[in-house]
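The values are calculated or read from the model by the stated rules, or taken from the named source; none is laboratory data. Since this is a predicted model, take the numbers as computed values, not measurements. Cβ: placed from backbone, ideal geometry, glycine included. Neighbour counts: every protein chain shown. Surface areas here come from the heavy atoms of the whole protein model, side chains and all, with no ligands, DNA or RNA. Shrake-Rupley method; radii C 1.70, N 1.55, O 1.52, S 1.80 Å.
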Amino acid sequence: MQFWAMVAHETDDGVTLAREEVGDDFLGPGTVTIKVHFSSANFKDGLAITPRGGVVREYPIIPGIDLTGEVVTSEDPGFAPGDLVVAHGYDIGVAHNGGFAEYARVPAEWVVKLETLTPREAAAVGTAGFTAAMSVQALLERGLTPSDGPVLVTGATGGVGTVAVDILGGLGFEVVASTGKTDAGERLAALGATSVIGRLPEDPEAKLRPLSKANWAGAVDSVGGKSLAYVLSTIRYGGAAAVSGLTGGADLPTTVMPFILRGVSLLGIDSAHFPIEKRRELWTRLGKDLKPQHLSDYENYAPITRVGEVLESIRSGGHSGRTVLGVAGEF
(Lines give C-alpha, C1' and ligand atoms only; values in the text may rest on other atoms or scores of the structure.)
Protein backbone atom coordinates (compact mmCIF):
# COMPACT_ATOMS: atom_id res chain seq x y z
CA MET A 1 0.00 0.00 0.00
CA GLN A 2 1.26 3.46 -0.92
CA PHE A 3 -0.15 6.58 0.72
CA TRP A 4 0.61 10.25 1.26
CA ALA A 5 2.07 11.71 4.43
CA MET A 6 3.71 14.85 5.77
CA VAL A 7 7.16 13.62 6.79
CA ALA A 8 9.62 15.49 9.00
CA HIS A 9 13.35 15.06 8.32
CA GLU A 10 16.25 16.39 10.32
CA THR A 11 18.95 18.07 8.22
CA ASP A 12 22.09 20.08 8.87
CA ASP A 13 19.97 23.21 8.44
CA GLY A 14 17.14 22.20 10.77
CA VAL A 15 13.95 20.18 10.36
CA THR A 16 11.96 20.02 7.13
CA LEU A 17 8.31 18.96 6.73
CA ALA A 18 7.22 17.86 3.27
CA ARG A 19 4.51 15.89 1.47
CA GLU A 20 5.81 12.44 0.51
CA GLU A 21 4.45 9.17 -0.79
CA VAL A 22 5.37 6.35 1.58
CA GLY A 23 4.73 2.63 1.86
CA ASP A 24 2.99 0.34 4.31
CA ASP A 25 6.30 -0.44 6.00
CA PHE A 26 6.47 3.20 7.10
CA LEU A 27 3.47 2.73 9.39
CA GLY A 28 5.39 0.81 12.01
CA PRO A 29 4.05 -1.64 14.61
CA GLY A 30 0.48 -1.78 15.85
CA THR A 31 -2.69 -3.84 15.84
CA VAL A 32 -5.20 -1.26 14.55
CA THR A 33 -4.85 0.43 11.15
CA ILE A 34 -6.84 3.65 10.77
CA LYS A 35 -7.78 5.68 7.74
CA VAL A 36 -7.18 9.18 9.08
CA HIS A 37 -10.01 11.67 8.56
CA PHE A 38 -8.66 14.53 10.70
CA SER A 39 -5.71 15.51 12.82
CA SER A 40 -5.16 18.80 14.65
CA ALA A 41 -2.44 21.31 15.41
CA ASN A 42 -0.84 21.43 18.84
CA PHE A 43 2.13 23.19 20.41
CA LYS A 44 3.86 19.81 20.69
CA ASP A 45 3.51 19.33 16.93
CA GLY A 46 5.29 22.65 16.50
CA LEU A 47 8.13 21.38 18.70
CA ALA A 48 8.34 18.24 16.54
CA ILE A 49 9.46 20.35 13.57
CA THR A 50 11.64 22.69 15.62
CA PRO A 51 15.39 22.01 15.75
CA ARG A 52 16.22 20.70 19.22
CA GLY A 53 12.52 20.88 20.05
CA GLY A 54 13.02 18.09 22.55
CA VAL A 55 10.01 15.90 21.74
CA VAL A 56 10.97 13.71 18.75
CA ARG A 57 13.24 10.77 19.48
CA GLU A 58 14.33 9.99 15.93
CA TYR A 59 13.77 11.36 12.43
CA PRO A 60 12.28 10.84 9.89
CA ILE A 61 8.84 10.82 11.46
CA ILE A 62 5.24 11.59 10.55
CA PRO A 63 4.19 14.17 13.19
CA GLY A 64 0.66 14.64 14.47
CA ILE A 65 -0.06 13.75 18.09
CA ASP A 66 -3.82 13.58 17.36
CA LEU A 67 -5.68 11.50 14.82
CA THR A 68 -9.30 10.57 14.26
CA GLY A 69 -10.82 8.36 11.61
CA GLU A 70 -12.12 4.95 10.64
CA VAL A 71 -10.68 1.55 11.47
CA VAL A 72 -9.57 -0.29 8.31
CA THR A 73 -8.15 -3.46 9.84
CA SER A 74 -7.82 -4.69 13.41
CA GLU A 75 -6.09 -7.62 15.07
CA ASP A 76 -7.82 -6.74 18.34
CA PRO A 77 -11.37 -7.97 19.06
CA GLY A 78 -12.24 -4.62 20.62
CA PHE A 79 -12.21 -2.87 17.26
CA ALA A 80 -13.70 -3.71 13.87
CA PRO A 81 -13.49 -2.20 10.40
CA GLY A 82 -15.76 0.82 10.19
CA ASP A 83 -15.41 1.83 13.85
CA LEU A 84 -14.90 5.57 14.30
CA VAL A 85 -12.01 6.23 16.66
CA VAL A 86 -9.63 8.78 18.14
CA ALA A 87 -6.03 8.16 19.19
CA HIS A 88 -3.63 10.58 20.84
CA GLY A 89 -0.87 10.70 23.41
CA TYR A 90 1.57 7.91 24.23
CA ASP A 91 4.27 7.90 21.52
CA ILE A 92 2.06 9.13 18.67
CA GLY A 93 3.75 11.81 16.60
CA VAL A 94 6.96 11.80 18.64
CA ALA A 95 8.33 8.25 18.60
CA HIS A 96 5.61 6.55 16.54
CA ASN A 97 4.32 7.87 13.20
CA GLY A 98 1.29 10.06 13.80
CA GLY A 99 -1.75 11.70 12.29
CA PHE A 100 -0.33 13.83 9.47
CA ALA A 101 -0.89 11.00 6.98
CA GLU A 102 -3.66 9.18 5.13
CA TYR A 103 -3.17 6.09 7.30
CA ALA A 104 -1.85 5.34 10.77
CA ARG A 105 -1.21 2.09 12.62
CA VAL A 106 -1.16 2.05 16.42
CA PRO A 107 -1.56 -0.41 19.30
CA ALA A 108 -5.18 -1.05 20.30
CA GLU A 109 -4.22 0.09 23.80
CA TRP A 110 -3.89 3.63 22.43
CA VAL A 111 -7.27 3.78 20.67
CA VAL A 112 -10.62 5.15 21.89
CA LYS A 113 -13.88 4.28 20.16
CA LEU A 114 -16.04 7.35 19.55
CA GLU A 115 -19.53 7.12 20.99
CA THR A 116 -21.30 10.43 20.37
CA LEU A 117 -18.63 12.79 19.05
CA THR A 118 -17.90 12.86 15.34
CA PRO A 119 -14.30 12.46 14.11
CA ARG A 120 -14.17 16.17 13.32
CA GLU A 121 -15.47 17.12 16.78
CA ALA A 122 -12.93 14.78 18.38
CA ALA A 123 -10.14 16.38 16.36
CA ALA A 124 -11.35 19.83 17.41
CA VAL A 125 -11.04 18.71 21.02
CA GLY A 126 -7.75 16.90 20.41
CA THR A 127 -4.91 16.70 22.89
CA ALA A 128 -5.29 20.32 23.97
CA GLY A 129 -9.01 20.00 24.63
CA PHE A 130 -8.54 16.65 26.33
CA THR A 131 -5.92 18.26 28.59
CA ALA A 132 -8.44 20.98 29.41
CA ALA A 133 -11.04 18.34 30.26
CA MET A 134 -8.52 16.52 32.46
CA SER A 135 -7.84 19.80 34.26
CA VAL A 136 -11.52 20.50 34.86
CA GLN A 137 -12.13 16.91 35.97
CA ALA A 138 -9.23 17.14 38.43
CA LEU A 139 -10.70 20.31 39.98
CA LEU A 140 -14.16 18.72 40.18
CA GLU A 141 -12.70 15.66 41.87
CA ARG A 142 -11.14 18.01 44.43
CA GLY A 143 -14.68 19.10 45.24
CA LEU A 144 -14.77 22.43 43.38
CA THR A 145 -18.29 23.71 42.73
CA PRO A 146 -19.63 26.89 41.10
CA SER A 147 -20.67 28.22 44.51
CA ASP A 148 -17.03 28.26 45.65
CA GLY A 149 -16.20 31.33 43.59
CA PRO A 150 -14.38 32.35 40.41
CA VAL A 151 -12.08 30.00 38.50
CA LEU A 152 -9.12 31.49 36.65
CA VAL A 153 -8.02 30.22 33.23
CA THR A 154 -4.63 31.44 32.03
CA GLY A 155 -3.55 31.37 28.38
CA ALA A 156 -7.26 31.57 27.68
CA THR A 157 -7.05 31.93 23.89
CA GLY A 158 -4.75 28.91 23.48
CA GLY A 159 -5.92 25.37 22.80
CA VAL A 160 -6.14 24.29 26.45
CA GLY A 161 -7.44 27.62 27.69
CA THR A 162 -10.18 28.00 25.09
CA VAL A 163 -11.67 24.59 25.76
CA ALA A 164 -11.33 25.04 29.54
CA VAL A 165 -13.30 28.30 29.38
CA ASP A 166 -15.96 26.57 27.29
CA ILE A 167 -16.32 23.55 29.59
CA LEU A 168 -16.25 25.54 32.84
CA GLY A 169 -18.77 28.05 31.51
CA GLY A 170 -21.07 25.24 30.49
CA LEU A 171 -20.89 23.82 34.01
CA GLY A 172 -22.01 27.13 35.48
CA PHE A 173 -18.72 28.40 36.87
CA GLU A 174 -17.76 32.05 37.09
CA VAL A 175 -14.79 31.99 34.70
CA VAL A 176 -12.11 34.67 34.66
CA ALA A 177 -10.09 34.39 31.46
CA SER A 178 -6.53 35.72 31.40
CA THR A 179 -4.93 36.49 28.03
CA GLY A 180 -2.40 38.77 26.44
CA LYS A 181 -4.56 39.22 23.35
CA THR A 182 -6.36 42.53 23.85
CA ASP A 183 -8.95 41.85 21.16
CA ALA A 184 -10.14 38.53 22.60
CA GLY A 185 -12.63 39.77 25.18
CA GLU A 186 -15.80 39.44 23.13
CA ARG A 187 -14.80 36.03 21.80
CA LEU A 188 -14.02 34.64 25.26
CA ALA A 189 -17.23 36.07 26.72
CA ALA A 190 -19.18 34.23 24.03
CA LEU A 191 -17.54 30.97 25.17
CA GLY A 192 -18.58 31.49 28.79
CA ALA A 193 -16.03 33.79 30.39
CA THR A 194 -17.62 36.07 33.01
CA SER A 195 -14.72 38.51 32.76
CA VAL A 196 -11.51 38.84 30.76
CA ILE A 197 -8.25 40.20 32.17
CA GLY A 198 -4.71 40.64 30.88
CA ARG A 199 -1.69 38.47 31.48
CA LEU A 200 -0.68 37.78 35.06
CA PRO A 201 1.11 39.24 36.88
CA GLU A 202 0.14 42.66 35.54
CA ASP A 203 3.69 43.91 36.03
CA PRO A 204 5.99 41.10 34.84
CA GLU A 205 9.05 42.91 36.23
CA ALA A 206 7.70 43.31 39.76
CA LYS A 207 8.97 41.07 42.53
CA LEU A 208 6.38 38.44 43.40
CA ARG A 209 5.00 38.26 46.92
CA PRO A 210 4.76 34.74 48.41
CA LEU A 211 1.09 35.44 49.19
CA SER A 212 -1.15 38.03 47.57
CA LYS A 213 -4.85 38.76 47.81
CA ALA A 214 -6.79 35.49 47.57
CA ASN A 215 -9.01 35.76 44.48
CA TRP A 216 -9.63 32.36 42.90
CA ALA A 217 -11.35 29.19 44.08
CA GLY A 218 -9.32 27.30 41.49
CA ALA A 219 -7.32 27.72 38.32
CA VAL A 220 -6.53 26.01 35.02
CA ASP A 221 -3.01 27.04 34.04
CA SER A 222 -1.28 26.30 30.73
CA VAL A 223 1.37 29.02 31.02
CA GLY A 224 3.64 28.07 33.92
CA GLY A 225 6.63 30.13 34.96
CA LYS A 226 6.17 33.43 36.77
CA SER A 227 2.50 33.53 35.81
CA LEU A 228 1.83 30.27 37.65
CA ALA A 229 3.80 31.48 40.67
CA TYR A 230 1.53 34.53 40.84
CA VAL A 231 -1.59 32.41 40.37
CA LEU A 232 -0.60 30.13 43.25
CA SER A 233 -0.12 33.16 45.51
CA THR A 234 -3.68 34.34 44.79
CA ILE A 235 -5.69 31.11 45.16
CA ARG A 236 -8.11 30.97 48.05
CA TYR A 237 -7.70 28.70 51.07
CA GLY A 238 -8.07 25.03 50.08
CA GLY A 239 -8.15 25.80 46.36
CA ALA A 240 -6.18 24.12 43.60
CA ALA A 241 -4.47 24.84 40.30
CA ALA A 242 -4.50 22.26 37.51
CA VAL A 243 -1.26 22.80 35.61
CA SER A 244 -0.35 21.53 32.15
CA GLY A 245 1.93 23.97 30.31
CA LEU A 246 5.17 25.87 30.33
CA THR A 247 4.92 28.45 27.56
CA GLY A 248 5.93 30.99 30.20
CA GLY A 249 8.94 28.94 31.26
CA ALA A 250 9.76 25.80 33.22
CA ASP A 251 11.01 27.58 36.34
CA LEU A 252 8.55 28.16 39.17
CA PRO A 253 9.72 31.12 41.29
CA THR A 254 7.51 30.59 44.32
CA THR A 255 7.73 29.48 47.95
CA VAL A 256 5.98 26.83 50.01
CA MET A 257 3.71 29.46 51.57
CA PRO A 258 0.64 28.98 49.34
CA PHE A 259 0.77 25.26 50.09
CA ILE A 260 1.35 25.31 53.85
CA LEU A 261 -0.46 28.53 54.82
CA ARG A 262 -3.49 28.31 52.49
CA GLY A 263 -3.60 24.59 51.79
CA VAL A 264 -3.35 25.18 48.06
CA SER A 265 -2.85 22.12 45.85
CA LEU A 266 -0.91 21.99 42.59
CA LEU A 267 -2.41 19.32 40.33
CA GLY A 268 -0.05 18.19 37.57
CA ILE A 269 -1.89 17.29 34.34
CA ASP A 270 -0.22 14.93 31.84
CA SER A 271 -2.40 13.69 28.99
CA ALA A 272 0.36 11.83 27.12
CA HIS A 273 0.48 8.81 29.41
CA PHE A 274 -2.98 8.95 30.97
CA PRO A 275 -4.11 5.29 31.41
CA ILE A 276 -6.27 4.07 28.54
CA GLU A 277 -9.32 3.04 30.62
CA LYS A 278 -9.44 6.46 32.30
CA ARG A 279 -8.82 8.05 28.90
CA ARG A 280 -11.81 6.22 27.40
CA GLU A 281 -13.99 7.22 30.36
CA LEU A 282 -13.09 10.89 29.96
CA TRP A 283 -13.78 10.79 26.21
CA THR A 284 -17.24 9.48 27.10
CA ARG A 285 -17.72 12.48 29.39
CA LEU A 286 -16.49 14.79 26.61
CA GLY A 287 -19.47 13.62 24.60
CA LYS A 288 -21.83 14.18 27.53
CA ASP A 289 -21.55 16.39 30.63
CA LEU A 290 -18.12 17.83 29.79
CA LYS A 291 -18.84 18.43 26.11
CA PRO A 292 -17.65 21.87 24.98
CA GLN A 293 -20.71 23.83 23.90
CA HIS A 294 -19.05 26.18 21.41
CA LEU A 295 -16.55 24.04 19.49
CA SER A 296 -17.65 25.43 16.15
CA ASP A 297 -16.98 28.98 17.35
CA TYR A 298 -13.24 28.46 17.87
CA GLU A 299 -12.56 25.56 15.52
CA ASN A 300 -10.47 26.64 12.56
CA TYR A 301 -9.98 24.38 9.54
CA ALA A 302 -6.97 23.89 7.30
CA PRO A 303 -5.99 21.14 4.85
CA ILE A 304 -3.10 18.99 6.03
CA THR A 305 -0.90 20.38 3.26
CA ARG A 306 -0.97 23.77 5.04
CA VAL A 307 0.09 22.36 8.39
CA GLY A 308 3.48 24.08 8.24
CA GLU A 309 1.83 27.52 8.21
CA VAL A 310 -0.46 26.60 11.08
CA LEU A 311 2.37 25.29 13.24
CA GLU A 312 4.45 28.39 12.57
CA SER A 313 1.52 30.48 13.84
CA ILE A 314 1.40 28.39 17.02
CA ARG A 315 5.16 28.65 17.56
CA SER A 316 5.10 32.42 17.12
CA GLY A 317 2.26 32.90 19.61
CA GLY A 318 -0.19 34.26 17.05
CA HIS A 319 -2.60 31.34 17.10
CA SER A 320 -5.97 31.19 18.84
CA GLY A 321 -8.43 28.38 19.42
CA ARG A 322 -8.16 24.93 17.89
CA THR A 323 -7.25 24.10 14.30
CA VAL A 324 -8.60 20.92 12.73
CA LEU A 325 -6.42 19.57 9.95
CA GLY A 326 -8.37 17.82 7.21
CA VAL A 327 -6.52 14.74 6.01
CA ALA A 328 -8.93 12.57 4.00
CA GLY A 329 -9.14 13.93 0.46
CA GLU A 330 -6.71 16.79 1.10
CA PHE A 331 -3.44 15.28 -0.18
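So that you can scan it fast, the table gives a plain yes or no per residue for (1) open to solvent by 30 Å² or more (accessible area, probe 1.4 Å); (2) touching a strand residue (DSSP E or B) at 6+ places or on another chain (Cβ under 6 Å):
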{"position": "V86", "(1), (2)": "no, yes"}
{"position": "G89", "(1), (2)": "no, no"}
{"position": "G93", "(1), (2)": "no, no"}
{"position": "T118", "(1), (2)": "yes, no"}
{"position": "E121", "(1), (2)": "yes, no"}
{"position": "T131", "(1), (2)": "no, no"}
{"position": "M134", "(1), (2)": "no, no"}
{"position": "V153", "(1), (2)": "no, yes"}
Check your understanding: Considering only residues of region 272-283 that are in a helix (DSSP H, G or I) and open to solvent by 40 Å² or more (accessible area, probe 1.4 Å), which is farthest from D91 (Cα to Cα)?
Key -> E281
Practice item. Give the residues of region 293-331 that are part of a strand (DSSP E or B), open to solvent by less than 50 Å² (accessible area, probe 1.4 Å) and more than 20 Å from T16 (Cα to Cα), sorted by residue number. Key: E299, R322, T323, V324, G326
Review point. Any idea which of K213, K291 is among the basic types (K, R) and farther than 27 Å from T116 by Cβ?
Key: K213
Exercise for review: Say whether the condition of being more than 18 Å from the chain's Cα centre (by Cα), free of Cβ contacts under 8 Å to residues at least 24 places away in the same chain and open to solvent by less than 40 Å² (accessible area, probe 1.4 Å) is met by at least one residue in region 66-76.
Suggested key: no
Practice item. Evaluate region 45-52: report whether one residue or more is more than 24 Å from the chain's Cα centre (by Cα), surrounded by 14 or more Cβ atoms within 10 Å (Cβ to Cβ) and not in a helix (DSSP H, G or I). Key: no
Practice item. Quick one: count up the residues across region 210-226 that are crowded, with 24+ Cβ neighbours inside 10 Å and under 19 Å from the mean Cα position of the chain (by Cα). Key: 5
Review point. Which ones in region 155-182 are open to solvent by 20 Å² or more (accessible area, probe 1.4 Å) and among the aliphatic types (A, V, I, L, M)?
Key: V160, L171
